[in-house]
Amino acid sequence: MSYQVSPVGFVRSCFKEKFAIPRQPQLAPAARGVLELVAPFDQGEAVQGLEQVSHVWLLFLFHQALEDKPRLKVRPPRLGGNTSMGVFATRATHRPNGIGQSVVKLDKVEPGRLWISGIDLLDGTPVLDIKPYVPYADIVDAATNAIASDAPPLIGVQWLKAALQQAQGHAQRLGEPLVELIEQCLAQDPRPAYQVPTSEREYGVRFWDVDVRWHYPEPGMICVLEVVPAG
């Protein structure tokens, strides 16, 4: 038996590519976006009552990681990308049905639009359902996970003076906390864990409509080199 589902909306996100997206929601509070609902859910009736809710669960599709052949084992980034585990023991993007879930902060509710933050969603992500976060039911005080018992450690982020000035200028133009977004995402060290970067190697990613470049001047430290218009 097969089933079909259709998106209730699509996310317009600060993340324009998969690289450097936080591996879990809420790790970058400055990561913001808008969930734009589609008909018939773009009417005010569909979101009535959500103004009383601080956070929501989003069920979505990993639309750039869909696969025809299911994987039984995956290599989660949390374990360095070299250790295999059963797919159902991880939150890896390679899912049997490509379905992900995230808890995000609900900043503003409008007919047809939900303004959200603390997101880990790629721009254009199709959202299948929205459910209110219910603290008394969703918080399990005794829950444990020995695979990921704590948040990943952060590394230091420093700036070239010119790069910080560039980021501040773009932040003002965008009306977005761009400096905080860059620092919160890069502090989680987005490079693959198996790579040992040299100080000469540069990395880059796109947030909103700007390209950010950085390098590792020493182990455990990132330096932002440039924040320029995308392209």
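The values are calculated or read from the model by the stated rules, or taken from the named source; none is laboratory data. Keep in mind that what you see is a predicted model, and the values were worked out from it rather than measured. We place every Cβ from the backbone using ideal geometry, glycine too, and count neighbours over all the protein chains shown.
Show the residue pairs that are 6+ apart or on different chains and have beta-carbon atoms under 9 Å apart, the first residue being within segment 177-198 and in the same structural domain as Gly33 (by TED's automatic domain parsing) and at pLDDT below 90, the second being in a helix (DSSP H, G or I) and not charged (D, E, K, R).
Once the first residue is in the same structural domain as Gly33 (by TED's automatic domain parsing) and at pLDDT below 90 and sits in segment 177-198, no partner that is in a helix (DSSP H, G or I) and not charged (D, E, K, R) comes close enough.
Only one residue in Pro7, Pro77 is in contact (Cβ under 8 Å) with a residue 24 or more places away in the chain, more than 19 Å from Cys185 (Cα to Cα) and not charged (D, E, K, R). Which one?
Pro7
Quick test for you: out of Pro135, Pro219, pick the one residue that is more than 17 Å from Arg23 (Cα to Cα) and at pLDDT 95 or above.
None of the others qualify; the one that does is Pro135.
Identify, by number, the condition in (1) surrounded by fewer than 13 Cβ atoms within 10 Å (Cβ to Cβ); (2) assigned to a helix (DSSP H, G or I); (3) not aromatic (Phe, Trp, Tyr) that Leu66 doesn't meet.
Only one criterion is unmet by Leu66, namely (2).
Being under 16 Å from Leu128 (Cβ atoms) and hydroxyl-bearing (Ser, Thr, Tyr) narrows it down to one of Ser6, Ser54, so name that one.
Result: Ser6 is the single residue among Ser6, Ser54 that is under 16 Å from Leu128 (Cβ atoms) and hydroxyl-bearing (Ser, Thr, Tyr).
How many residues are exposed (fewer than 13 other Cβ atoms within 10 Å of the Cβ) and either more than 17 Å from Leu164 (Cβ to Cβ) or touching a Phe, Trp or Tyr at 6+ places or on another chain (Cβ under 8 Å) (or both) if we restrict to segment 203-230?
The number of residues fulfilling the criteria is 4.
Considering only segment 122-231, give the strands (runs of 3 or more DSSP E) lying wholly within it that have at least 3 residues that are more than 30 Å from Tyr3 (Cα to Cα) and in contact with a Lys or Arg (Cβ under 7 Å, 6 or more places away or on another chain).
It comes to 202-207.
Taking the criterion of being within 22 Å of Glu36 (Cβ to Cβ), assigned by TED's automatic domain parsing to the domain that holds Val47 and of a type in the set (Ser, Thr, Tyr), would at least one residue in segment 100-109 satisfy it?
Within segment 100-109, one or more residues are within 22 Å of Glu36 (Cβ to Cβ), assigned by TED's automatic domain parsing to the domain that holds Val47 and of a type in the set (Ser, Thr, Tyr).
Checking the structure you have, find out if any residue of segment 62-72 is over 29 Å from Val210 (Cβ atoms), outside the structural domain of Val205 (by TED's automatic domain parsing) and modelled with pLDDT of 95 or more.
no
So which pairs qualify, if the first residue must be in segment 11-32 and basic (Lys, Arg) and surrounded by fewer than 17 Cβ atoms within 10 Å (Cβ to Cβ), the second must be modelled with pLDDT under 95 and in a loop (DSSP other than H, G, I, E, B), the Cβ gap must be under 7 Å, and the two must be at least 6 apart or on different chains?
So the pair list comes out as Lys18/Gln64.
Tell me, which residue of segment 124-138 that is buried (at least 16 other Cβ atoms within 10 Å of the Cβ) and either basic (Lys, Arg) or out of contact with any Gly (no Cβ under 7 Å at 6 or more places or on another chain) (or both) is farthest from Leu61 (Cα to Cα)?
Looking at the filtered set, the residue picked out is Tyr133.
Working carefully through the options Pro126, Pro96, find the one that is in the same structural domain as Trp57 (by TED's automatic domain parsing), touching a residue at least 24 places away in the same chain (Cβ under 8 Å) and more than 18 Å from Gln24 (Cα to Cα).
None of the others qualify; the one that does is Pro96.
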